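Worksheet for the structure shown next.
The values are calculated or read from the model by the stated rules, or taken from the named source; none is laboratory data. Keep in mind it's a predicted model, so treat the numbers as computed, not measured. Quick reminder, even Gly has a Cβ in these numbers, built from the backbone with ideal geometry, and neighbours come from all protein chains shown. Remember, those area values only see protein heavy atoms, side chains included, never the ligands or the DNA or RNA. Shrake-Rupley method; radii C 1.70, N 1.55, O 1.52, S 1.80 Å.
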Amino acid sequence: MSIAAEFLDRNIAPGDWLWLDGGIYELTDHLDDMLSLVARIDQVDDAPSGGDLGHVLINIAELFTSKTSSIFAKTRVELQKKLVVKAIGPAANEVIGNAVGMRQSFLDKADEIIELVEGVEKLIPDFRPKEGQTYTHTAAIRWAIKTFPEQRCLATYYNYRRLYHMFSGRRAHIALYFHRETFRKSKMPATTLHLVDFLIGRYYNHDELRLTPRQVYRRLQQTLIYTNGLWIDPAKCLSGIPEDLLTELDLKKIPFSAIKSNPEKMALLDPAVAPSRSWFYAYLRHYLYNTEAGRQIIRERYGEEYYEREFLVWDHYANRAAYPLEFTFADHWEIAMYIVDKEGRAVLYKLWCTMIIDAYSRSILGFALLPHSPNITSIQAALKHAIFPKGDELRAFGIDPLRWTAFGILIKVFLDNAWAHLSESLETLGREISCNGEFNSIELVFRPPYMARYGGLIERLFGNLEAKIKSLIPGVIITQDKDGIALAKKSARYLYQDLYQTVLKLVVDYQHTVHSAIGMTPHEKWQEGIRNTGIPRIPTFKDYPDLEYRFYPLLSGSKTIGESGVSIDGVSYRPDSPNTPRKDGNGLIHYQVHMSETNVSEIHLFHVEGGPRVDRCVGTKLLRPDGSMRPISKAERELAKAYARDANKRPSQWADYLSVDEVLELSAIRGEEREIADRRAGAPPNGPVRSPAQADQALADGLDELTENQYTQLLRNFNGVNHKA
Amino acid sequence: MPDIVLPPEFVTAHPGPAKIVFPSTEVISPHLDIPARLQSYHYAWDRWKVANQELMTILVTLDPNIAYDRQFAQTIEIQRQRLEMKLQSCPIEVNAAAIDAAGGYMALRDPVRAQCAALTKQEKIDWLLTFRCIITPELSEFFTKVGTLVGYSQDGPSLLSQGRNLLLGGLTGTGKTTAMNLLAALNERVQKVLLLDVRGIPREYSFFLQSVLSIESPVLTSTSKPLWQRMLVELNWRYSSKTSEEELQQILCTLFTVSGVSLLMLDEVSHIQAHRYRRKVLSFSNRKPKLPIICSSCEPEKWTAGDAELAGRWNDSFTFQPYRGERLSQLLTYFELLSPLPQDSGLALFEVRGKSGLVRGPAAYVEEWTHGTMKNITILIAGAMIMAIEQNSPRITVELLQRAWESIQAKPNQTFLDLLQSWR
């Protein structure tokens, strides 16, 4: 099943079943707010099903933020299965196995293997050798096999056992093993497939060109005439498909005889056949309506690099988003205004806003407003805000919770490439949010900085918000000159929470403003989408309490627990539980460590393979004399390090210099210094923007190029200029 | 070897003042035969390898503790440098007439593109040897000027046949030294003669018939001897440390005549700072009044400053300008024209109109990194082209330029030839 189908299947819609507080409900109808559902009470407190026991109204968003557990399923039987699974553990494999859509015969075969291996292993302890014979394991296996009605030889059993252990007894995986390599693969030669994929990607999917299917097909025919029926065979391109050859074949400016005379290039070419027009159109439709599958095919056939180079056309994702949360985009923006600190109202600083927007509905899913330039905390905080309902927060600011109802686990999020180096932490979060496949995971796509084609979506939004902020708030930088900045500083009076509230209100207003691209408000579009797909299902911190720590940044690399605990940055963190395993059969156990930026006094250990939190560890040096934990922020730690350096000590000895007063004082100084440096660094460049990648993209797209006449003039003048001093 | 003992038969056989040879060029045309040129490159590579190996073999047999061996080693180094300069003997020239005759840029570019499509990766990299020596219009103008200078002095005993000197200026890397070395390499001939060594045994000796003599001026502190000694070494002549300055100059005067030296070029002339040494150069110029002397430095005017006689003698100048702005775009178009890559890279663009507005184009980066010096531009473009060829990229991107520049920064002393050799 595709990611999209899985996602839609998991969403909550009328007809679904719900287990809540011991009761079973059938969801019957949506209310207009698209957050509440009418539910028929089917069973209460594990009593036998009573049929129609009345109706209740359930607000799904409230349900997710409450402390109660809930289980959703598409049918009553499935719900019961889930209840059983929850009670007995890992039998969920079977459900997955059936959903893969494999042949029944292979699934039967997998069943047979599992039955035999598990059965034999269960029987072996009962084996008693005959008198006079010694116990051997082989004899025990032989004996156990014979108890099964279908007689299998020992070799077959060993084969079955190998497969069983190879796939850890997972039925679907074992069944998949029996499929031929060519299963569900096209019979068209690889050369033709590549040619078709290439032309679709370059000419049909292209932003500027957008050839019609007929034109693309004609180009395919012309190409094959030009190449004498030859095209690149991806299987022969061991180090990736050569882009230069691809360009040569496509440009058709070079006589093909020249390419033919090059043995290096000819070695990569093989005969390709022109597919029939109907086959081509069917193939094209496959792309058009199934972006996900098309993407998967290209990646598998030609590799990630080729896919990114030729097919990552961002606008398409934005334009073709078929339902909410399918394609989302994250970006950040420095709000051009100064705010003051709460205590002295004197320290001036700026805030960065990281926002996530949904391509389908243009709804803002969430944002984070932080006083530092975007980092891992910014994006993870924005993700957290986007995933969970915002009812409580809206209520706290006196806003009707039904005015911003967008939430849910993103399916695919496009991020700035600058965040790619943080991908380990983000990827872990994206993976772990699925809670072992119970929910969908988040796929991260790091767009190269020059791929700013979605800028239209998110940057326009930032522009609008900034314009509104400028018209509303004192302290905004209207002009970037000296006087403008001085005026902004002088008139600054907003606190952090004031600006947060302003941004929140602006977002809510935006949600209810008609968007020209969709012809309705983002809120309406979101509701329309939800009506079709169902309400997104998300994990709750009640059911998955450890998930919260996954939103803390993941430290790079794994850590082990030494004699004095986990050592990080000169501080030893001791596990809360003395029984936390340090070693296994392979030596020291490696753990993933999550640490909050607002509290570096504690860390949270997770297994590298994923799963729930193993333990919490507290920095021993950071405890108060009474043994309680003193929360230290990352910023404070950095300042303590600076203080240690000033005292000619190693930065790792920062904990010894953690005097709060000194740190606060230093914090003020360093904060001001950093702001000055930031302002300098952020000074607008003179002339064209410095962006090599953007220049490359523009040149590759042919947005700007020299004409033949310009080239000729340049060359002629090269000869004619007087070079005398 | 005695200080100077020339056999009478050599003196009678000497060729006298020689005409200066300038690099011959092939004018670009749609019929440019890339495979044939590649063949000549390969032949030149092989010849260079053999000759270089021979010289290296001699070099390792020399004893650095023996003065004559040290001098010989210097001569070998000079010869090796000249061999390198001769590697690409016939640069490609682009002129307006050729462009008009062909019918514009594309008419010249397309045949290059088509022929390069048939080349293997290694052949494409070898083709970059084309950029080893570019006869830019500026260089061409310089050669014309040199030809005129030498012409004045070779017109026989007339009033005009007097030495005229030139100051050559330009920032480091703009091509002054390359131009001088190229002339010296092209104007070198070797004649084998038999000379008697110290024990009276006749030995075969390579006598350099050098119509252009180019040396790098030594830093003179206590004596001007190193200057004259370098000239002798350049001519493959030995000297004794006891030989006085006056004697060295006398030997040189004779050797210049018999070797047919028609042009003397002193590179890095700012090394000769002290007034008394500058006067010695002037004095030597007086001894060889018909010999044009080119003095080169970043700011050669400073060398003549403060001495009216020197300033009067070196009253003509030529400056190699860095390639910036429009000139850089023109030069980059030349590279683009001969590029072995299938797609044009827009190298000449200073600004590119992207989707989100104007962004800096490739030329802006090239100018920023290289400061417009020919040496850096050539090695940067060639490095980026090699990377593009290796990665099967159809064009040079700014990213590749950036990586090439970083790689150049990592090996600041790498020459163009080192770069190409590393891929052979």
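Of the set (1) within 30 Å of the chain's Cα centre (by Cα); (2) more than 29 Å from A:A644 (Cα to Cα), all apply to A:P553 but (2). Exactly one residue out of B:Q71, B:Q88, B:Q79, B:Q115 is outside any helix (DSSP H, G or I), open to solvent by less than 60 Å² (accessible area, probe 1.4 Å) and of a type in the set (S, T, N, Q): that is B:Q88. Reported count of residues in the stretch B:282-316, each being touching a strand residue (DSSP E or B) at 6+ places or on another chain (Cβ under 9 Å) and over 22 Å from B:Q249 (Cβ atoms), is 7.
Among the residues of the stretch A:561-585, those identified as open to solvent by less than 60 Å² (accessible area, probe 1.4 Å) and among the polar types (S, T, N, Q) are A:S564, A:S572, A:S577, A:T580.
Here is a list: B:I381, B:I396. Which entry is under 28 Å from B:P137 (Cα atoms), in a loop (DSSP other than H, G, I, E, B) and β-branched (V, I, T)? Before the answer, list the steps.
Numbers: B:I381 fails: in a loop (DSSP other than H, G, I, E, B).
The conditions single out B:I396.
Okay, residues lined up against (1) touching a helix residue (DSSP H, G or I) at 6+ places or on another chain (Cβ under 9 Å); (2) closer than 21 Å to B:T130 by Cβ; (3) more than 8 Å from every other protein chain (Cβ to nearest Cβ); (4) not small (G, A, S):
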position: B:L349; (1), (2), (3), (4): yes, no, no, yes
position: B:V352; (1), (2), (3), (4): yes, no, no, yes
position: B:H371; (1), (2), (3), (4): no, no, yes, yes
position: B:M387; (1), (2), (3), (4): yes, yes, yes, yes
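For the stretch B:320-335, the condition holds for no residue, the condition being that it is within 11 Å of chain A (Cβ to nearest Cβ), acidic (D, E) and in contact (Cβ under 8 Å) with a residue 12 or more places away in the chain. Scanning the stretch B:45-65 for any residue that is modelled with pLDDT of 85 or more, within 13 Å of another protein chain (Cβ to nearest Cβ) and crowded, with 16+ Cβ neighbours inside 10 Å turns up nothing. With the condition kept exactly as written, say whether any residue in the stretch A:433-451 is assigned to a helix (DSSP H, G or I) and at pLDDT below 85. The answer is no, given that none of the residues of the stretch A:433-451 is assigned to a helix (DSSP H, G or I) and at pLDDT below 85.
Of the candidates B:V366, B:V352, the single residue that is modelled with pLDDT of 90 or more and buried (at least 24 other Cβ atoms within 10 Å of the Cβ) is B:V366. You will find that of B:S224, B:S259, B:S241, the residue that is at pLDDT below 85 and closer than 20 Å to B:Y68 by Cα is B:S241 and no other. Against the definition (within 22 Å of the chain's Cα centre (by Cα), assigned to a loop (DSSP other than H, G, I, E, B), away from every other protein chain (no Cβ under 14 Å) and at pLDDT 70 or above), how does A:L410 come out, yes or no? Answer is yes for this residue.
Which members of the stretch B:101-112 meet the condition of being open to solvent by 40 Å² or more (accessible area, probe 1.4 Å) and facing chain A (nearest Cβ under 8 Å)?
Taking the stretch B:101-112 first, the residues open to solvent by 40 Å² or more (accessible area, probe 1.4 Å) are B:101, B:103, B:110.
Across the stretch B:101-112, the qualifying residue is only B:D110.
Only residues that are part of a helix (DSSP H, G or I), more than 23 Å from B:V146 (Cα to Cα) and basic (K, R) were counted across the stretch B:210-262, and they come to 1. Can you find even one residue in the stretch B:123-131 that is open to solvent by 20 Å² or more (accessible area, probe 1.4 Å), within 14 Å of another protein chain (Cβ to nearest Cβ) and assigned to a helix (DSSP H, G or I)? Checking the stretch B:123-131: at least one residue is open to solvent by 20 Å² or more (accessible area, probe 1.4 Å), within 14 Å of another protein chain (Cβ to nearest Cβ) and assigned to a helix (DSSP H, G or I).
With respect to the conditions (1) open to solvent by 10 Å² or more (accessible area, probe 1.4 Å); (2) within 14 Å of chain B (Cβ to nearest Cβ), A:A190 falls short on a single one, namely (2).
Only strands (runs of 3 or more DSSP E) whose full extent lies in the stretch A:1-112 are considered here, and the ones with at least 3 residues that are at pLDDT 70 or above, of a type outside the set (F, W, Y) and closer than 30 Å to A:Y360 by Cα are A:23-30, A:36-43, A:55-59, A:70-73.
Taken together, the residues in the stretch B:354-369 that are within 8 Å of chain A (Cβ to nearest Cβ) and either touching a residue at least 24 places away in the same chain (Cβ under 8 Å) or on the phi < 0 side of the Ramachandran plot (or both) amount to 10.
Which strands (runs of 3 or more DSSP E) does the stretch A:583-647 wholly contain that include 1 or more residues that are farther than 15 Å from A:S558 by Cα? Steps first, please.
On the way: elements: A:591-594, A:602-607, A:613-619.
So the answer is A:602-607, A:613-619.
Given the criterion touching a residue at least 12 places away in the same chain (Cβ under 8 Å), within 26 Å of the chain's Cα centre (by Cα) and exposed (fewer than 13 other Cβ atoms within 10 Å of the Cβ), identify the matching residue among A:V608, A:V600, A:V593, A:V614.
Details: A:V600 fails: exposed (fewer than 13 other Cβ atoms within 10 Å of the Cβ); A:V593 fails: exposed (fewer than 13 other Cβ atoms within 10 Å of the Cβ); A:V614 fails: exposed (fewer than 13 other Cβ atoms within 10 Å of the Cβ).
Just a single option satisfies the conditions, and that option is A:V608.
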